[in-house]
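These notes concern the structure reproduced below.
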Amino acid sequence: MPVKSNLRSYIQKESFCKAVVEDGSDIIFIVHYDGTILYHNPAVHHVMGYPVNSLVNESFFDYLDSEIVESFRIKFNECLKFPYSKNIEFRFRKADQTYQYLEFNAINLKHKEGLKGLILDCRDITQLKEDAEELFRAKLAKEQFLANMSHEIRTPLNGIAGMVNLLSDTNPTEEQQKYLTAIKNSTDNLKVIINDILDLSALESGKLKFEKIGFRISNILPQVIEMFLPQAKEKGIELNYDFVPGSEVVLLGDSVRLSQILINLISNAIKFTYEGMISVNAKISKKTNKTAYIQIDVKDTGIGIPNEKLEFIFDTFTQADESVTRKFGGTGLGLSIVKQLIDLQNGSIDVTSAENIGSTFSFTIPYKVGTETDLIIDTRTGNNLKRLNTLPGMKVLLVEDNDINRMYAANIIKNWQCKVTEAENGLICLEKHKKHDYDIILLDIQMPVMDGFETTISIRKSFKSPKSEIPIIALTANAIKGDSEKCIEIGMNDYLSKPFLPEELFRILTKYYTPREISGMDKEKVPVQKKSAEKMAKSAKNRHTDLSYLESISNNDAKFVKEMISTFIETTPDIIDQMKIAIKKSNFKSLGLLAHKIKPSLTFMGIHSMKETAREIEVLSKENKEPLRVKELTDIFFTEIQASITDLRVKLKEYS
């Protein structure tokens with residue numbers, strides 16, 4: 001081949017810098033475009049063990065790890081297009097048949113000399129790869145340690161907190177209540193410490209994700225303040241909050257993380273304030289058409305922070321003084337987490353302080369401006385919503401290996417007029433589920449014999465419908481980021497971390513509760529639920545919508561149900577029109593966001609047939625995949641939603 005002859009002539013030129021190439025420690029190959037090795041320097045012998053010139057005329061690809069040959073060919077062919085390429089990793093077989101990690105930078109001779117060849121300057125990166133693997137193993141070990149630590153601490157902590165709650169309901173004496181309160185405060189402090197450590201781990205690993213959901217500051221701040229009013233009252237501290245007029249705008253962002261920031265800052269203020277007051281003030285410091293910059297100041301009259309300590313106050317595991325940790329407790333993680341949460345949302349935080357006068361923490365976070373239709377109605381709170389006190393007739397299978405935790409959960413569930421069956425592990429759970437009918441399974445994760453993950457997989461794959469579709473809720477002491485995703489991924493419906501409060505478990509059960517007509521003596525005790533069952537039976541005749549869930553969470557509040565239906569009928573056509581425009585313009589990102597936005601409404605209106613369709617539209621749109629499939633799904637979706645709106649107009653008259 002004349003081209004290869006010309007390339008060999010080039011190699012023999014004195015201008016090739018043989019002194020550098022042949023005496024250097026880097027491995028040098030000159031390879032033809034087809035992969036033929038035309039030259040290699042002596043480093044191949046020293047590093048790889050091959051005799052001098054023994055690989056000449058061999059195929060470079062024949063010496064690669066078979067697992068990476070195909071992917072390497074793609075990268076190699078890319079190198080042929082450019083004058084210079086760098087940092088191409090591969091594994092090359094040595095003379096002793098082991099493999100060594102190498103990385104090359106390539107000079108394309110076609111661009112310099114008109115020759116179809118590459119000079120590959122290779123360096124050994126074995127140590128770098130081993131270091132990276134060791135770092136990865138250490139990261140996995142850290143995550144496993146955190147998971148184990150979380151489980152081992154949370155499991156007994158849940159039992160302690162549970163027993164305290166049960167004892168508090170037995171009319172204790174004033175002195176006994178004092179002791180119970182002390183135990184509760186201690187468990188709450190332990191829970192805060194565990195959550196701080198787990199949050200820090202999630203932040204460091206980059207696994208923390210932020211939601212973009214509509215909310216108002218005027219709804220978030222009062223809820224957070226209310227949490228701390230008992231503590232403030234106990235210390236004789238005044239706790240106030242205020243909104244500057246104009247801060248009622250709807251914002252798009254993560255309200256849960258905003259609450260977490262406020263909780264940390266207010267908790268600190270109360271901890272370090274003995275007398276005086278704490279004020280929390282919110283305002284819009286700047287606003288454009290699309291963005292509102294929310295500024296919140298948390299001001300206290302506490303012990304203050306020495307000036308020389310201010311620059312370190314947001315560092316991990318740092319407090320103003322070691323004696324502070326001994327006296328007040330905590331990990332020194334709270335402010336570090338606050339700063340990282342704010343930074344990740346493109347915000348900023350500042351602190352001003354004077355010893356024995358007080359401190360002011362001021363932070364600003366930019367949020368996109370939303371509209372009324374972006375607001376998610378919280379089914380747990382609201383003036384129109386009456387909280388259910390019982391869940392009569394709900395059949396619960398409680399699977400938990402810890403006796404104390406099982407006793408606690410069973411006791412509080414029975415108080416809600418549920419029928420509870422207990423199981424100690426997953427194998428017993430499967431046997432009971434096979435023989436009896438249940439409405440929901442509360443399932444611990446770490447159990448002997450068969451754990452929660454194996455149990456869930458078995459139920460989903462081995463049982464026939466409807467038993468295979470039973471709601472399964474994870475009750476777990478593992479709380480590191482990623483556990484909830486794993487639970488959902490294998491087929492669980494929801495996730496509740498220990499230690500949990502009774503109201504948290506109640507909210508979960510309420511989501512999956514279907515009111516039924518109760519027989520016998522219980523029928524007279526729950527006339528409201530009987531009415532709901534009758535309505536549900538009527539609704540069931542309609543194939544498009546089912547309002548039983550909306551009726552159950554509202555305790556059959558006709559006014560609330562009517563408002564929800566009216567809101568859906570009024571706002572949904574606009575969303576559908578926006579989705580149609582997005583399809584027409586092939587704006588799949590916008591389409592995915594709109595599908596995500598409408599999903600909660602499908603649950604409230606009981607449009608069950610379209611929930612999976614909306615989810616698939618969202619996923620495919622976000623990934624920009626299968627446009628024809630998306631078009632097919634949206635056509636079905638639009639037709640079904642229109643039929644559902646027609647149904648709801650009829651049902652609306654029943655509530656008028």
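Counting just the residues of the range 274-283 that are without any contact (Cβ under 8 Å) to a residue 60 or more places away in the chain and part of a strand (DSSP E or B), which one comes out surrounded by the most Cβ atoms within 10 Å (Cβ to Cβ)?
Kept after step one, since they are without any contact (Cβ under 8 Å) to a residue 60 or more places away in the chain, are these residues of the range 274-283: 274-275, 277-281, 283.
Within this subset, residues satisfying the condition of being part of a strand (DSSP E or B) are 277-281, 283.
Details: MET277: 15, ILE278: 25, SER279: 17, VAL280: 23, ASN281: 18, LYS283: 17.
Top of the filtered list is ILE278.
Could you identify the single residue in LEU239, LEU166, LEU198 that is modelled with pLDDT of 85 or more, of a type in the set (A, V, I, L, M, F, W, C) and either farther than 25 Å from ILE303 by Cβ or not in a helix (DSSP H, G or I) (or both)? Steps first, please.
On the way: LEU166 fails: modelled with pLDDT of 85 or more; LEU198 fails: modelled with pLDDT of 85 or more.
Residue meeting the stated conditions: LEU239.
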Has the range 65-75 got at least one residue that is assigned to a strand (DSSP E or B), touching a Phe, Trp or Tyr at 6+ places or on another chain (Cβ under 8 Å) and touching a residue at least 12 places away in the same chain (Cβ under 8 Å)? no
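Return the residues of the range 309-364 that are among the polar types (S, T, N, Q), modelled with pLDDT of 85 or more and over 19 Å from ALA282 (Cβ atoms); say none if nothing qualifies. Before the answer, list the steps.
Of all residues in the range 309-364, those among the polar types (S, T, N, Q) come to 316, 318-319, 323, 325, 331, 336, 340, 345-346, 348, 352-353, 356, 359-360, 362, 364.
If we keep only those that are modelled with pLDDT of 85 or more too, we end up with 340, 345-346, 348, 352-353, 356, 359-360, 362, 364.
Hits for the range 309-364 are GLN340, SER353, ASN356.
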Pick from the range 1-60, criterion assigned to a helix (DSSP H, G or I), at pLDDT 65 or above and of a type in the set (A, V, I, L, M), ranking: surrounded by the fewest Cβ atoms within 10 Å (Cβ to Cβ): VAL47
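Taking the range 594-619 only, how many residues are touching a residue at least 60 places away in the same chain (Cβ under 8 Å), in a helix (DSSP H, G or I) and under 15 Å from PHE637 (Cβ atoms)?
Filtering the range 594-619 for residues touching a residue at least 60 places away in the same chain (Cβ under 8 Å) gives 597, 600, 604-609.
Right, trim to in a helix (DSSP H, G or I) and you get 597, 600, 604-605, 608-609.
Then keep just the ones that are under 15 Å from PHE637 (Cβ atoms); that gives 597, 605, 608-609.
Looking only at that region, the number is 4.
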Residue count for the range 334-360, restricted to those that are acidic (Asp, Glu) and part of a helix (DSSP H, G or I): 1
Take the range 408-450 and flag every residue that is touching a residue at least 60 places away in the same chain (Cβ under 8 Å) and assigned to a helix (DSSP H, G or I). TYR408, ALA409, ASN411, ILE412, ILE413
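Pick from the range 64-98 the residues that are crowded, with 18+ Cβ neighbours inside 10 Å and not basic (Lys, Arg): which of them is nearest to PRO51 (Cα to Cα)? Quick ask: steps written out before the conclusion?
Filtering the range 64-98 down to residues crowded, with 18+ Cβ neighbours inside 10 Å leaves 64, 72, 76, 79, 85, 90-92.
When the remaining residues are screened for being not basic (Lys, Arg), the result is 64, 72, 76, 79, 85, 90, 92.
Numbers: LEU64: 18, PHE72: 25, PHE76: 25, CYS79: 28, SER85: 28, PHE90: 21, PHE92: 16 Å.
Going through the qualifying residues, I end up with PHE92.
Which one of these is β-branched (Val, Ile, Thr) and either within 22 Å of GLY214 (Cβ to Cβ) or touching a His at 6+ places or on another chain (Cβ under 7 Å) (or both): VAL619, VAL650, VAL630?
Residue meeting the stated conditions: VAL619.
Looking at the range 589-608, can you tell me whether even one residue there is β-branched (Val, Ile, Thr), more than 19 Å from THR567 (Cα to Cα), modelled with pLDDT of 80 or more and in the same structural domain as ASP647 (by TED's automatic domain parsing)? Can you show your working first?
If we filter the range 589-608 for residues that are β-branched (Val, Ile, Thr), which is where we start, we get 598, 603, 607.
Filter once more, keeping what is more than 19 Å from THR567 (Cα to Cα): none.
Scanning the range 589-608, I find no residue that is β-branched (Val, Ile, Thr), more than 19 Å from THR567 (Cα to Cα), modelled with pLDDT of 80 or more and in the same structural domain as ASP647 (by TED's automatic domain parsing), so the answer is no.
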Going through ILE107, ILE160, ILE153 one at a time, which residue ends up being of a type in the set (Val, Ile, Thr), surrounded by 12 or more Cβ atoms within 10 Å (Cβ to Cβ) and modelled with pLDDT of 80 or more? ILE107
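Kindly establish whether ASN240 is in contact (Cβ under 8 Å) with a residue 24 or more places away in the chain, more than 31 Å from the chain's Cα centre (by Cα), over 18 Å from SER285 (Cα atoms) and in the same structural domain as LYS339 (by TED's automatic domain parsing). Even if it seems obvious, please write down each step before you answer.
Numbers: in contact (Cβ under 8 Å) with a residue 24 or more places away in the chain: yes; more than 31 Å from the chain's Cα centre (by Cα): yes; over 18 Å from SER285 (Cα atoms): yes; in the same structural domain as LYS339 (by TED's automatic domain parsing): yes.
In short, yes.
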Pairs under 7 Å by beta carbon, first residue within 24 Å of ASP131 (Cα to Cα) in the range 77-101, partner of a type in the set (D, E, K, R) and assigned to a loop (DSSP other than H, G, I, E, B), six or more apart or different chains? ARG91/ASP65; TYR99/ASP65; GLN100/LYS94
What is the residue count in the range 388-411 for residues that are surrounded by fewer than 19 Cβ atoms within 10 Å (Cβ to Cβ) and hydrophobic (A, V, I, L, M, F, W, C)? 3
Of the residues TYR84, TYR39, TYR50, which single one is within 48 Å of the chain's Cα centre (by Cα) and hydroxyl-bearing (Ser, Thr, Tyr)? TYR84
In the range 103-131, how many are in contact with a Lys or Arg (Cβ under 7 Å, 6 or more places away or on another chain) and in a strand (DSSP E or B)? 2
Based on this model, can you work out whether GLU431 counts as over 26 Å from GLU504 (Cα atoms) and modelled with pLDDT under 90? no
Of (1) outside any helix (DSSP H, G or I); (2) at pLDDT below 65, TYR513 fails just (2)
Tabulated pairs, the range 620-638, first outside the structural domain of ILE583 (by TED's automatic domain parsing), second among the β-branched types (Val, Ile, Thr), C-beta under 7 angstrom, 6+ apart or interchain: none
Flag if LYS286 is assigned to a strand (DSSP E or B) and at pLDDT below 90: yes
For residues that are within 15 Å of ASN624 (Cα to Cα) and of a type in the set (A, V, I, L, M, F, W, C), scanning just the range 583-606, find the one that is surrounded by the fewest Cβ atoms within 10 Å (Cβ to Cβ). LEU593
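The values are calculated or read from the model by the stated rules, or taken from the named source; none is laboratory data. These figures come from a predicted structure and were not determined experimentally. Cβ atoms come from the backbone with ideal geometry, glycine included; neighbour counts cover every protein chain shown.
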